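The values are calculated or read from the model by the stated rules, or taken from the named source; none is laboratory data. Computed from a predicted model, the values in this text were never measured in an experiment. Positions of Cβ are generated from backbone atoms using ideal geometry, with glycine treated the same way; all protein chains shown enter the neighbour counts. Accessible surface areas use protein heavy atoms only, side chains included; no ligands, DNA or RNA. Shrake-Rupley method; radii C 1.70, N 1.55, O 1.52, S 1.80 Å.
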There are 2 protein chains.
Amino acid sequence: MSTGSSRESLPQKLSQGTLGPVDGSESAWEEIGFRGPQVCRIVGISYRQLDYWARTELLTPSLAEAQGSGTQRRYSYGDLVALKVIKSLLDAGVALKTARVAIDYLRDHLGGDLATASLVLDGSRSVLALTGDDIVDLVRHGQGVLNIVPLGPVVAELAASIHELDVTVAAAGPKATPAHGRKATGGG
Amino acid sequence: MSTGSSRESLPQKLSQGTLGPVDGSESAWEEIGFRGPQVCRIVGISYRQLDYWARTELLTPSLAEAQGSGTQRRYSYGDLVALKVIKSLLDAGVALKTARVAIDYLRDHLGGDLATASLVLDGSRSVLALTGDDIVDLVRHGQGVLNIVPLGPVVAELAASIHELDVTVAAAGPKATPAHGRKATGGG
DNA sequence: CATCGGAACGACACAAACGTAACTACCGGC
DNA sequence: GCCGGTAGTTACGTTTGTGTCGTTCCGATG
């Protein structure tokens, strides 16, 4: 991945992120974070959506808020997970307003192995089901509508998109993401 | 339930409705149908919603469309089930646009015992799961977001609301629902 | 026929969500 | 300092869904 220039290389150091154990899919972006346009590409949403969600405080960039035109928001890997969940819910026809409830919950409860977990919304509450049996219980005992978001595919797709970004950055060389590279050297 | 006046009594004859076997919860309203305002009360929605849904063809009255101001829409028991499903989805934060997909499917697939069935939406498809095991299978093998609507509570709540309407009509006597009563005698 | 209550109809307002596009500011290279 | 690229910012438009309210029509009743 590294092209040899320490200034342009992507950090390989793995660290504790905001969302619990590092499962290998975050690579080293966790320290630098992701810029707005990168996030849009990785998650598969429009810049307008990302901007609106930040402004209405659905999901604000946890590493750095923008300081005006020309500056950059920086999002963490955990932010990306949450954004991907929002996207999934929207794709499934769930209203943004409801996604807000889900994300409020997710913010406080992510910390385990996401690959086997599912976020379950049952109208007014959200629950993080950690195993398939947990879900079955919820389904069997539920009396109202359930929205079930498997997180395995979420993190898998994120890993793939981030890997693709890694590859793109490495292939493009030192000047591919000047804004990104310079921030890293800016003492971030 | 009958107050003795054949003109004002509610028909007790059970018949095949538009939604399969009569399960005892429809009473005899199936033949007469339900007027707009009654539907709103039974299902728990605003008249504006019902009107909009009829006008935008989400759910039109299957027994009779309105013929102008002052005339009446008449909805069947099956219409009520579908409306209740829509309401449940909306309450769960699912967008009306998505509910439209679900109702398109439901229109063609209702015919069994609803009390143990669930409607499952998985993004682009809808499935009617007839047993708890069906649902478990869908959940275990699903890769995207699932919306699960148990139909048991839907028909149970409908039965209760319709029973309440029956009681109200019977208690109020012959002039409680003139519009309704006269329709029955009008040869409907 | 006149009156009245009830139901549908039409018009407008508003909020939410997001697309489009122009504007502004920052940052880094030269 | 100048310039270009990039990202954020602002403004406006569109669509959808629903609330509010006035209008029109129908049918029953006196």
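Suppose the chain between B:ALA66 and B:ALA160 were pulled fully straight at 0.36 nm per residue; how much longer would it get relative to their current alpha carbon spacing?
Stretched out fully, the B:ALA66 to B:ALA160 stretch lengthens by 31.1 nm.
Expressed as a rounded percentage, what relative contact order does segment A:29-185 have, with Cα pairs under 8 Å and six or more residues apart?
Value for segment A:29-185: 20 percent.
Once R0 is set to 25 Å, what does the formula 1/(1 + (r/R0)^6) return for the Cβ-Cβ distance between A:THR131 and A:VAL101, expressed as a FRET efficiency to the nearest 0.05? Walk me through the intermediate numbers first.
Details: r = 23 Å, r/R0 = 0.92.
Computed FRET efficiency for A:THR131 and A:VAL101 comes out at 0.60.
Anything over 19 Å Cα to Cα? Flag those among A:LYS97/B:LYS84; A:LYS97/B:LYS97; A:LYS87/B:LYS87, in the order listed.
Listed pairs above 19 Å: A:LYS97/B:LYS84; A:LYS87/B:LYS87.
Inside 10 Å of the C-beta atoms of A:139-152, what's the mean count of C-beta atoms belonging to other chains?
Partner-chain Cβ atoms within 10 Å, mean over residues of A:139-152: 6.
For peptide A:90-101, what's the mean number of Cβ atoms from other chains within 10 Å of each residue's Cβ?
5
Under a 1.4 Å probe, what is the accessible area of segment A:29-185 per residue, stated in Å²? It would help to have the intermediate numbers written out before the result.
Working: 7080 Å² over 157 residues.
Here the per-residue accessible area is 45 Å².
Take every residue in peptide B:44-52, count the Cβ atoms of other chains within 10 Å of its Cβ, and give the average of those counts. Before the final figure, lay out each step's value.
Details: counts 0, 0, 0, 0, 0, 0, 0, 0, 0.
Per residue, the average neighbour count from other chains is 0.
Quick one: label points 7 angstrom along Cα→Cβ at B:HIS109, distances to the other copies in nm, smallest first?
Output for B:HIS109: 2.8 nm, nearest copy listed first.
What is the gain in length, in nm to one decimal, between A:ARG41 and A:ARG55 on full extension, counting 0.36 nm per residue of separation less the C-alpha to C-alpha distance?
My answer for the length gained is 3.1 nm.
Summed for both chains, how many Å² of accessible area, to the nearest 100, are buried between B and A with a 1.4 Å probe?
About 1800 Å² of accessible surface is lost on pairing.
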